[in-house]
Amino acid sequence: MLPVIWAGLIAFAILAYVLLDGFDLGVGILFAAERREEDRDVMVNTVAPVWDGNETWLILGGGGLFAVFPLAYAVIMPALYPAVIAMLLALVFRGVGFEFRFRAATPHGRAWWSLAFQGGSTVAAFSQGLVLGGLLQGIRVQDRAYAGGWWDWLTGFTVLCGIAVVVGYALQGACWLIWRCEGPLQQRAGQYARGLAVAMLALIVIVSLWTPMLNPAFGARWFGWPGILLTSPVPILVALVAWLFWHGLTRRHEYTPLFCAQAWFVLCYAGLGISLWPRMVPPDITIWDAAAPPASQAFLLVGAVILIPIILAYTGYAYWVFRGKVGPGMHYH
Amino acid sequence: MPAADAVFLARAQFAFTVGFHIVLPAFTIGLASYLAVLEAVWLATARQVYSDVFQYWLRVFAVVFGMGVVSGLVMSYEFGTNWARFADKTGPILGPLLGYEVMTAFFLEAGFLGIMLFGRERVGRLVHFAATMLVAIGTLISAFWILAANSWMQTPQGYSLTEDGRFLPADWWQVIFNPSFPYRLVHMVIASYLTVAFVVGAVGAYHLRRDAQNQAARLMFSMAMWMAVVVAPIQLLVGDQHGLNTLQHQPAKIAALEGDWESEPGTPLILFGMPNMEQERTDWAVAIPHLGALVLTHTWDGSIKGLKEFPPEDRPYSPVVFWAFRIMVGLGLLMAVVGVWAAWLRVRGRLYASPWLRRTVLAMAPSGFVALLAGWTVTEVGRQPFTVYGLLRTADSASPIGAPGVGASLTGFVVAYAIVFGAGLLFVLRLLRRPPLAGEGGPERGVPVRSAGITPAPALQDSP
């Protein structure tokens, strides 16, 4: 039972990361379209007070995996080594970009740190897609260790997943800006959101059709009886959210688009869970194989049950403090 | 098993990434506490100069904290990428400790950092102070867990071993409060405070040289020198106790840092020399007879186990440990001397007037960082050739990743860190070159704030 609870908690931490740092990274990715540094300042300032907390969910995901599923941690990291290293390096540049952009003395230096912020955000998102795709594809394991080669993970599928995550985060970023900005910037964000949503839906369809082909077990889960009872609502809900998204966007709702973009992520994530369950590292390692001993899982669970609600509460408070529109006049720096 | 050169590269990568990382949280631990003190005094006394110094260092804090976060994220994944077998074997014990660090410290710091940095106009004064306090407490909680984990690797207890060599927790209290933990925690937190004291002192000294009447610079210099005279001697005592604890639990480390090969009664204290691992002796040794016995056993004829008592494959590489130890102790003594000197000048009313004290303190700006890195070198290289002391060898801890992979990622980190931390250092130095001014940043007192968060009690905003 403990491994099941913990699988749920780790899944929650990673989902929280994807939803929260997703729009942070998306804002960075959208630097590609927003070239004026004044607009970029506003974009960065919408996330500057909260990004650090958002990224902490990634540390909880990684640290939590190390704590309660050490085998999965010890297998996934070496198997996806280049992608993980690329993600970490990218997050280094993204993370310092927040402060360094405002500290650069010359326009040239500022442009360079903007590029670091944009490139870091994009590469981090792409690498996270690679890791996701590589995990879904399956990892070769022998004697509790990764037994494959350097580039086993690099396939058309993982690259597609990488692109999908970049597009998805950019969509979240655009929707976040619709909510938190005003004027021309908000309007342009609406236009980005429109195009990105189309691309995102197309990518969801392609990845969803491709995934069952990776592993016969995934296909049986999705199309066999009784799995289909669980799986069929997922595409229906995706379509429903799409309708709501367009409705919200055309009526200029402020936060409906963000809500819908995140709902797509939640649905895709649920679909992912349906495919994988009860595997942690496909094809062979289940959550019970990967689990740390009960003494470890129970010890950390006590803290998690008490602390995660408190964390959510003060994270909510921090968002509340920095609520409202962010405009060019607001100097956090 | 990965080849020896892959293990060496993985060690180099860990040393490099943790070396860069550790100075940043050490600095933010000390600086967060300093900021909390400044804000508390400002709230209590309403003296503007405390607010000025607070604002001045808050900008530095923002830059340094960001760098600490990103370099720390790297560490939390490096156990998996380069040390996967270590992760699989020790995950059940070390993982929960790090998990608690994330849940009790990282989220707390991150959650309130935004309010601390950007929220002065959005929340009431007391709420802002609470945020600063919570960030400072968060840094200390973080130190608690990470040093518990590190100390467990040095002095493991409270575990059971499976047949395939994995560590399982048996008693969490024993795991966390392992024998070296209390000493290491106190030693490290004090080191952080001293590091910050000498940076703050140096910045004060720098600006006093240009304007001896700058109130904020005087405050920095004075507070730093109080810290030096009170805390540096305490650190020497704590270090001594930590050493005795190490002698009890990791005698090979003590032999390596003393450069002692023999186990004769009346151990000498080798001041300088060069330990020679092949010839099993310390060349060009300048030694004081019996002093080692006095320091380590507090007796005249006591002895410690020399390195020859340990099989060659179990000996830490003494030259590095020996010299790193001397650098750390030398700088610690120097800090205490400067503290006493400053106190003496203060009594005579010449604290701000002595150019030699100012120059010395300015030159010692990086002394805390150097001493800290030297100290970590002593304790980590001294733990070799094990990751979990006496139980798990470093060579059996690495990932099944070949040398080209580890080498490539190491190159990536070296290049990225050179750019990022080089620029960060530049930005910090640029911030520090600007003199602290009266009325530094922040809203004026008595001016209504724009939005008071969820504690809109008007009384809060006007009370000191």
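FYI, it's all coordinate maths here, none of it is from the lab. Predicted model, so just to flag it, every value in this text is computed and none were measured. In this analysis, Cβ positions are derived from the backbone assuming ideal geometry, glycine residues included, and neighbour counts consider all displayed protein chains.
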(message) Give me the residue from the stretch B:55-83 that is within 30 Å of B:Gly402 (Cα to Cα) and hydroxyl-bearing (Ser, Thr, Tyr) and, out of that set, farthest from the other protein chains (Cβ to nearest Cβ).
(response) B:Ser71
(message) Please go through the stretch B:387-409 and give me each residue that is among the hydroxyl-bearing types (Ser, Thr, Tyr), within 12 Å of another protein chain (Cβ to nearest Cβ) and not in a helix (DSSP H, G or I), ordered by number.
(response) B:Ser397, B:Ser399
(message) Tell me which helices (runs of 4 or more DSSP H) are completely within the stretch A:1-94 and hold 1 or more residues being under 22 Å from B:Phe118 (Cβ atoms), or say none if there are none.
(response) A:2-29, A:37-47, A:51-68
(request) Search the stretch B:135-152 for residues that are touching a residue at least 24 places away in the same chain (Cβ under 8 Å) and pair each with any residue that is among the aromatic types (Phe, Trp, Tyr) and assigned to a helix (DSSP H, G or I) when their beta-carbon atoms are under 7 Å apart and the residues are at least 6 apart or on different chains. (result) B:Val135/B:Phe112; B:Ser142/B:Phe106; B:Trp145/B:Tyr100; B:Leu147/B:Phe181; B:Ala148/B:Phe181; B:Ser151/B:Phe181
(message) If I go through the stretch A:204-225 residue by residue, how many of them are more than 13 Å from A:Gly271 (Cβ to Cβ) and in contact (Cβ under 8 Å) with a residue 24 or more places away in the chain?
(response) 4
(request) Check A:Trp153 against each of (1) in contact with a Lys or Arg (Cβ under 6 Å, 6 or more places away or on another chain); (2) within 24 Å of A:Phe69 (Cα to Cα) and name the one condition it does not meet. (result) (1)
(request) Among the candidates B:Arg315, B:Arg348, single out the residue that is within 28 Å of B:Val229 (Cα to Cα) and of a type in the set (Lys, Arg). (result) B:Arg348
(request) Pull up the stretch A:280-306, narrow it to residues that are facing another protein chain (nearest Cβ under 10 Å) and part of a loop (DSSP other than H, G, I, E, B), then point me to the one that is surrounded by the most Cβ atoms within 10 Å (Cβ to Cβ). (result) A:Ala292
(request) Pick out the one residue from B:Gly266, B:Gly239, B:Gly273, B:Gly243 that is more than 26 Å from B:Asn178 (Cβ to Cβ) and within 29 Å of the chain's Cα centre (by Cα). (result) B:Gly273
(request) Name the one entry in B:Phe118, B:Phe86, B:Phe144 that is over 19 Å from the mean Cα position of the chain (by Cα) and more than 8 Å from every other protein chain (Cβ to nearest Cβ). (result) B:Phe86
(message) Need pairs with beta-carbon distance below 8 Å; first residue closer than 14 Å to A:Phe100 by Cβ and within the stretch B:52-73, second among the basic types (Lys, Arg) and surrounded by fewer than 24 Cβ atoms within 10 Å (Cβ to Cβ); sequence gap 6+ or separate chains.
(response) B:Val63/A:Arg103
(request) For A:Ile228, work out the one condition from (1) β-branched (Val, Ile, Thr); (2) free of Cβ contacts under 8 Å to residues at least 40 places away in the same chain; (3) within 14 Å of chain B (Cβ to nearest Cβ) it doesn't fulfil. (result) (3)
(message) Regarding the stretch A:206-220, can at least one residue be identified that is part of a helix (DSSP H, G or I), among the aromatic types (Phe, Trp, Tyr) and closer than 23 Å to A:Arg323 by Cα?
(response) no
(request) Hey, can you tell me all the residues within the stretch A:139-148 that are under 14 Å from B:Ile401 (Cβ atoms), facing another protein chain (nearest Cβ under 9 Å) and in a loop (DSSP other than H, G, I, E, B)? (result) A:Ala147
(message) Go through the stretch A:43-79 and report how many residues are more than 9 Å from chain B (Cβ to nearest Cβ) and either out of contact with any Leu (no Cβ under 8 Å at 6 or more places or on another chain) or over 14 Å from A:Phe117 (Cα atoms) (or both).
(response) 6
(message) Tell me yes or no: at least one residue of the stretch A:240-252 is among the hydroxyl-bearing types (Ser, Thr, Tyr) and surrounded by fewer than 15 Cβ atoms within 10 Å (Cβ to Cβ).
(response) yes
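Test of understanding: among B:Val123, B:Val127, which residue is part of a loop (DSSP other than H, G, I, E, B) and at the interface with another protein chain (Cβ under 9 Å from one of its Cβ atoms)?
On inspection, the qualifying residue turns out to be B:Val123.
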(message) Among the residues that make up the stretch A:62-71, is at least one of them surrounded by fewer than 24 Cβ atoms within 10 Å (Cβ to Cβ), among the small types (Gly, Ala, Ser) and either touching a strand residue (DSSP E or B) at 6+ places or on another chain (Cβ under 8 Å) or in contact (Cβ under 8 Å) with a residue 24 or more places away in the chain (or both)?
(response) no
(request) Just name the residue that is surrounded by the fewest Cβ atoms within 10 Å (Cβ to Cβ) out of those in the stretch B:102-114 that are in contact (Cβ under 8 Å) with a residue 40 or more places away in the chain and within 7 Å of chain A (Cβ to nearest Cβ). (result) B:Thr104
(request) State whether the residues of the stretch A:129-138 include one that is surrounded by 24 or more Cβ atoms within 10 Å (Cβ to Cβ), within 12 Å of chain B (Cβ to nearest Cβ) and part of a helix (DSSP H, G or I). (result) no
